[in-house]
Amino acid sequence: MMSLRFVFCLLISIPIHTYSSEELNERAGGNANEGQVKSAACQGCHGPDGNSVSPDWPNLASQNANYLSRQIRDFQSGARQDPSMQSIVIGLVEQDIMDIAAYFATQKVKVDATSNSAAGKKLYRGGNRYTHLPACAGCHGPSGAGNGPGVIPSLVGQKPGYVIKTLRDFKTGTRSNDRNQIMQDIAAKMTEKEMEAVAQFLAGMGAEAPDTDE
Ligand code: HEC
Ligand code: HEC
């Protein structure tokens, strides 16, 4: 009974604040304060604020909670394979997952202003018409923020070593938990050079000099 009343209080307290619909969506199931405590074991690699400590490990900061919780569940079930991640998340129950996802989603990703690539930017916005590679912006958004309700990940400021690795994993089918093989089909059309260029662009996305055509 206590916990039900607590949940009820949380529900009625939400409309008092002016959250965006996406924030509401993320806050609905998870408690970010609880998540900060529960994510202690994650912070050694993903950083205390979700900005990871290695270029090869993904940032979780600013990532939408729906995407984060889905990936954690996929590591648990083995739908997404990674030897270290599976053993780390295996003991989390549903409420832990939602709290941890809510915590990292509300942290701010740090963009590396020194990283840029004109070729990567072109690819991100326009794809490659010779190889029928679609524009990344079509799904991940013009600003790279992704889409929470659509479970499309944010790519802004993502670590370049990780982006290249995960695109290679999609290409070889090592990572195959994407719905309808969306990213496997896309990565299959990408060259190593294109993966590297887009990774460099994403790492610094938003910090580059503004375009005059925007
Ligand atoms: C030993 C370092 C380490 C620890 C500790 C760790 N992770 Fe990870 N995590 C990784 C690596 C490396 C990957 C990338 C796996 C891959 O290449 O597919 C990853 C991937 C993820 C992803 C997918 C990110 C994305 O953009 O798709 C999520 C979500 C995640 N970790 C959550 C957690 C949570 C929650 C915890 C704590 C309970 C945690 N991690 C602890 C190293 C770690
Ligand atoms: C048709 C929609 C669509 C297009 C176009 C698209 N993506 Fe994706 N992308 C997705 C979805 C959906 C996911 C999440 C897959 C999952 O659930 O595992 C994703 C995941 C990713 C990830 C993994 C993010 C992470 O944190 O692990 C990367 C990297 C990525 N996309 C890069 C790209 C690049 C680069 C392009 C352009 C060349 C692109 N995407 C075009 C829909 C798309």
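What follows is calculated from the coordinates using simple rules that are stated; it is not laboratory data. Remember, it's a predicted structure, so these values are computed and weren't measured experimentally. As a convention, Cβ positions derive from the backbone with ideal geometry for all residues, glycine included, and neighbour counts pool all protein chains shown.
Quick query: amide H of residue 176 versus all other amide H atoms, modeled in the peptide plane; which residues come in under 5 Å with a sequence gap of 5 or more or a different chain?
Amide H neighbours of residue 176: 81.
Could you order the peptides 175-188, 101-114, 39-52 from most to least packed, using the average number of other C-beta atoms within 10 Å per residue?
Descending mean neighbour count gives 101-114, 39-52, 175-188.
Summing Lys, Arg as +1 and Asp, Glu as -1, what charge do residues with Cβ under 12 Å from the Cβ of residue 128 carry, residue 128 excluded?
Around residue 128, the charge tally is +4.
Could you give the length gained by full extension between residue 130 and residue 108, i.e. 0.36 nm per residue of separation minus their alpha carbon distance, to one decimal place?
The span from residue 130 to residue 108 would gain 4.3 nm if fully extended.
Too long at a 28 Å Cα-Cα cut-off: which of 108/189; 122/159; 38/171; 38/122; 38/189?
108/189; 38/171; 38/122; 38/189
If amide hydrogens are placed 1.01 Å from N in the peptide plane, which non-local residues have theirs closer than 5 Å to the one on residue 128?
133
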